1. Hey, any hits in the range 67-88 for a residue that's surrounded by 10 or more Cβ atoms within 10 Å (Cβ to Cβ) and in contact (Cβ under 8 Å) with a residue 40 or more places away in the chain?
2. Does residue 65 fit the bill of being modelled with pLDDT of 95 or more and among the β-branched types (Val, Ile, Thr)?
3. How many residues are among the small types (Gly, Ala, Ser) and exposed (fewer than 10 other Cβ atoms within 10 Å of the Cβ) if we restrict to the range 15-35?
4. If we scan the range 75-90, do we find a residue that is among the β-branched types (Val, Ile, Thr) and within 33 Å of the chain's Cα centre (by Cα)?
5. I need the full set of residues from the range 18-54 which are of a type in the set (Ser, Thr, Tyr) and closer than 30 Å to residue 90 by Cβ, in order please.
6. Looking at the range 38-66, which of the residues that are over 38 Å from the mean Cα position of the chain (by Cα) and surrounded by fewer than 10 Cβ atoms within 10 Å (Cβ to Cβ) is farthest from residue 8 (Cα to Cα)?
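The values are calculated or read from the model by the stated rules, or taken from the named source; none is laboratory data. Being a predicted model, the structure only gives us computed values, none of them experimental. Here the Cβ is made from the backbone with ideal geometry for all residues, glycine too, and neighbour counts use every protein chain on show.
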Amino acid sequence: GIWAIGTLANGANATLSIIATVNASGTYTNSASITANEADPTPGNNTSSVTPTPVAQSNVGITKTASSATPNVGSNVTFTLTATNAGPSN
């Protein structure tokens, strides 16, 4: 898009904040450029980029239960393991 800030006085600045939702994977380069109506003696600083790399996050857990907390000697006990991922990533 285009952000028109109008006249920017000497020594002044203007700020634009953009909120974006990050996908689970991949790298994203976000670039911005500025131009002026007058000649710019330092055109090398008229573009800026940032490349954040999303970090996957998963909240994993495991629970274990037994079919009997007090089994008799010689009897069978069934252990049940349940793995969970509360996300947000796979």
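1. The first filter runs over the range 67-88 and keeps only residues surrounded by 10 or more Cβ atoms within 10 Å (Cβ to Cβ), leaving 67-68, 71, 77, 84-85, 87-88.
Cutting the leftovers down to in contact (Cβ under 8 Å) with a residue 40 or more places away in the chain gives us 88.
Yes, there is a match, as at least one residue in the range 67-88 is surrounded by 10 or more Cβ atoms within 10 Å (Cβ to Cβ) and in contact (Cβ under 8 Å) with a residue 40 or more places away in the chain.
2. Yes: the conditions hold for residue 65.
3. 5
4. Checking the range 75-90: at least one residue is among the β-branched types (Val, Ile, Thr) and within 33 Å of the chain's Cα centre (by Cα).
5. Within the range 18-54, 21, 25, 27, 28, 29, 31, 49, 51, 53 qualify.
6. 39
Conditions (1) part of a loop (DSSP other than H, G, I, E, B); (2) out of contact with any Pro (no Cβ under 9 Å at 6 or more places or on another chain), marked per residue:
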| site | (1), (2) |
| --- | --- |
| 26 | yes, no |
| 31 | no, yes |
| 37 | yes, yes |
| 40 | yes, yes |
| 53 | yes, yes |
| 56 | yes, no |
| 63 | no, yes |
| 71 | yes, yes |
| 81 | no, yes |
